Amino acid sequence: KEQNGAKIIVVDPRYTKTAAKSDLYCRIRTGTDIAFLYGVIRLIRDNKWYNKEYLDNRVYGIEEIFKECEEYTPEKVADITGCKPDELIQVATLFAKSTPGALIWNQGWTHHTIGSSNTRLGSILQLLLGNVGVIGGGCNVLRGHDNVQGSTDMGCLADTLPGYYGLGEESWKYFAKQWKVDY
């Protein structure tokens, strides 16, 4: 933020030092992350803020996510999370229009009983916006060491490709084909 003017959005039950420096802070009830994320996804869908080209070329099944988010209107999200409808709209608008956008979480997000679902939906949100595989984007687990929350499954290790593929020639050829780029 101080170096290049990046916008910071904090969604957290607690008002932290990071929240104090953020551009937007939204307090939600503990354990309501899924409803919040579905509300953001619904707003992105309804306003067509998603990256259609990215989705067409790299993602499948997004229609199912769009069905899953249907019931999460700003009013319903407010009822579940405690986040006011206008705050949800502000968060969705700023995040969707900040390209690229990085999603950063810590162990609080993953240690809930729904931690795997939080990680799943956060990653889907990033795919929706085309923020995966781009400089400055991605899903970033903020921890003291790597591979704590399955970040390697998302291709974040330096010594493997996504899915724990090695860096051998055949692996690169496979991914070049999948990514539709020259080996």
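The values are calculated or read from the model by the stated rules, or taken from the named source; none is laboratory data. Computed from a prediction, not measured in an experiment: that's the story for all the values here. Every residue, glycine among them, receives a Cβ derived from its backbone with ideal geometry; neighbour counts consider all protein chains shown. Accessible surface is based on the protein model in full, side chains and every heavy atom, while ligands, DNA and RNA are left aside. Shrake-Rupley method; radii C 1.70, N 1.55, O 1.52, S 1.80 Å.
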Practice problem: For the stretch 38-94, state the average projected area of the convex hull of the C-alpha atoms over all orientations, rounded to one decimal in nm². | Solution: 3.9
Quiz prompt | Solvent-accessible area per residue for the stretch 1-119 (1.4 angstrom probe, square angstrom) | solution = 60
Quiz item: Any idea how far the Cα center of the stretch 1-47 sits from the one of the stretch 61-136, in Å?
Solution: 9
Practice problem: Filter the GluC sites (Glu not before Pro) in the stretch 1-67 to those in DSSP coil with at most 16 other Cβ atoms within 10 Å of their Cβ, and list the result. | Solution: GLU2
Quiz prompt | Hits among aspartates and glutamates - C-alpha to C-alpha of LYS76 under 15 Å, sequence gap 8 or more where chains match | solution = ASP33, GLU68, ASP86, GLU87
Quiz item: So what is the 222 nm mean residue ellipticity for the chain from helices alone, if each DSSP H run of at least 4 adds -39500 (n - 2.57) and you divide by all residues, rounding to the nearest 500 deg cm²/dmol?
Solution: -13000 deg cm²/dmol
Practice problem: Could you check how many percent of all C-alpha pairs in the chain are farther apart than 25 Å? | Solution: 36
Quiz item: According to a simple spin-label model (label point 7 Å from Cα along Cα-to-Cβ), what is the distance in nm between LYS97 and THR113?
Solution: 3.9
Practice problem: Of the options ILE124, THR16, PRO100, report the single residue whose Cα projects farthest towards the positive end of the charge dipole of the stretch 1-129 (beta-carbon charges: Lys, Arg +1; Asp, Glu -1). | Solution: THR16
Practice problem: Could you please state how large a percent of the accessible area of the stretch 32-103 is carbon and sulfur, counting protein chains only and using a 1.4 Å probe? | Solution: 49
Quiz prompt | Folded to 0 to 90 degrees: helix 85-97 orientation relative to the chain principal axis, Cα | solution = 30
Quiz item: Please report, for the Cα atoms of the stretch 1-102, the Rg to one decimal and the Dmax as a whole number; what are they, in angstrom?
Solution: 14.2, 39
Quiz item: Which of the chymotrypsin sites (Phe, Trp or Tyr not before Pro) found in the stretch 14-63 are in a DSSP loop and have at most 12 neighbouring Cβ atoms, other than their own, within 10 Å?
Solution: TYR15, TYR60
Quiz item: Put ASP182, ASP159 in order of accessible area, largest first, 1.4 Å probe: what do you get?
Solution: ASP182, ASP159
Exercise. For the stretch 54-61, just list the computed ³J(HN,Hα) in residue order, Karplus coefficients 6.51, -1.76 and 1.60, θ = phi - 60°, integers in Hz, with x standing in for Gly and Pro.
Key: 4, 4, 4, 8, 10, 10, 10, x
